[in-house]
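Heads up: the structure comes next, in structure tokens.
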Amino acid sequence: MEKDEHAYTGPSDDMMPRSEYIAHRAALKAMLRIATAISFNAGGRPSETGRQYWSSVLFTKLVVSSITLHSICPFPKPKAHWDLASVSGIVRSNVELWLFFHWLCVETGDDDEWFFRIRLFWLMDNRARYRLVTDGGGDPNDAEFANRQSEIIAELNNSSIFNNLSEKRKAELSRGDKLPFIQDDVLESLSVNRAAFRMTYRHMSSFVHTGPVSVFRMAEHKRGNGNENPYDRAYMGYGLLLATQVLAACSDEMMKLHPQAGIATIEKLGADVITTLGEYRNVFT
């Protein structure tokens, strides 16, 4: 479909005014200034715990994708390119990372909980690598992967948390082929509005996977052709807002997990960092 040289010029107050979209875009940029400083200040410091190490790794991934998100959400102007599907993919990925970050790095202050969860993470990694090789037509060393799987499961058998699970749940986790947590459990821990989460997640997923919602009524809505329109602008604006909230929530936890990096960030950017995090960190409330 050829791109129209003239951007959509319909009512700007339909669904989300341009001014609100611009404000959400500016908010992500402001939050990125804080997040990049935290990530930089956490880097180069030896990790004292596994929680510190993995939170830094996951947070780096979140910051990088958030920078990409900001770059592909255009400032409204003629010939700007509007791509809701790409925005939805990044935002959904960031939301998934936020849940994993919380499950692995925030809820694991207890040593036994960390011992249990990091090994579930290792099982997932081992299983995923095996499937990558086999699905790609490769010839994996079955014994090597099986031995590693058995080693990790043997270590899990020393975990009271693992041993207190039902036999069915232990068997499910031991396979390492699914997420090691129940999404609703993490959402409950985060005290989020589950209905709002599910609605948003499913809407974004319909664009990631090219579901019917993403293609039906494109002509009627005058959307999905790369030009600005009220529909794409509104949902890209909501995506920006959600991404900002997720970044703020993880930034806040990073400052707790990496106190020296938090202090260095406040010294560099000022005490307003705390105010900004408090303003944006409430996700799906």
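The values are calculated or read from the model by the stated rules, or taken from the named source; none is laboratory data. Keep in mind it's a predicted model, so treat the numbers as computed, not measured. Cβ coordinates were reconstructed from backbone atoms using ideal geometry, including for glycine residues, and neighbour counts include every protein chain displayed. What goes into the accessible areas is simple: the full protein's heavy atoms, side chains included, and nothing from ligands, DNA or RNA. Shrake-Rupley method; radii C 1.70, N 1.55, O 1.52, S 1.80 Å.
So which residues in segment 172-214 are among the β-branched types (Val, Ile, Thr) and open to solvent by 30 Å² or more (accessible area, probe 1.4 Å)?
Correct list: ILE182, THR200, VAL208, THR210, VAL213.
Taking only segment 75-112 into account, find how many residues are surrounded by 15 or more Cβ atoms within 10 Å (Cβ to Cβ) and more than 21 Å from VAL246 (Cβ to Cβ).
Residues that pass the stated criteria total 2.
Considering only residues that are among the hydroxyl-bearing types (Ser, Thr, Tyr) and out of contact with any Leu (no Cβ under 8 Å at 6 or more places or on another chain), look in segment 50-64 and name the one that is most open to solvent (accessible area, probe 1.4 Å).
Selected residue: TYR53.
Exactly one condition in (1) modelled with pLDDT of 95 or more; (2) more than 30 Å from GLN52 (Cα to Cα) is false for SER88; which is it?
SER88 satisfies every listed condition except (2).
So which residues in segment 16-49 are at pLDDT 95 or above, open to solvent by less than 10 Å² (accessible area, probe 1.4 Å) and out of contact with any Ser or Thr (no Cβ under 7 Å at 6 or more places or on another chain), if there are any at all?
The answer is TYR21, and nothing else.
Got a sec? Which of VAL192, VAL186, VAL246, VAL213 is closer than 30 Å to ALA37 by Cα, among the aliphatic types (A, V, I, L, M) and at pLDDT below 90?
Just one listed residue meets the conditions, VAL192.
Please specify each residue of segment 65-92 satisfying the condition of being out of contact with any helix residue (DSSP H, G or I) (no Cβ under 9 Å at 6 or more places or on another chain) and without any contact (Cβ under 8 Å) to a residue 40 or more places away in the chain.
Of everything in segment 65-92, just one residue is out of contact with any helix residue (DSSP H, G or I) (no Cβ under 9 Å at 6 or more places or on another chain) and without any contact (Cβ under 8 Å) to a residue 40 or more places away in the chain, namely SER71.
Among (1) surrounded by 15 or more Cβ atoms within 10 Å (Cβ to Cβ); (2) under 30 Å from LEU69 (Cβ atoms), which single condition is ARG131 missing?
For ARG131, the failing item is (1).
Would you please name the residue that is most open to solvent (accessible area, probe 1.4 Å), looking only at residues in segment 143-162 that are among the charged types (D, E, K, R) and free of Cβ contacts under 8 Å to residues at least 12 places away in the same chain?
Per the stated criteria, the residue is GLU144.
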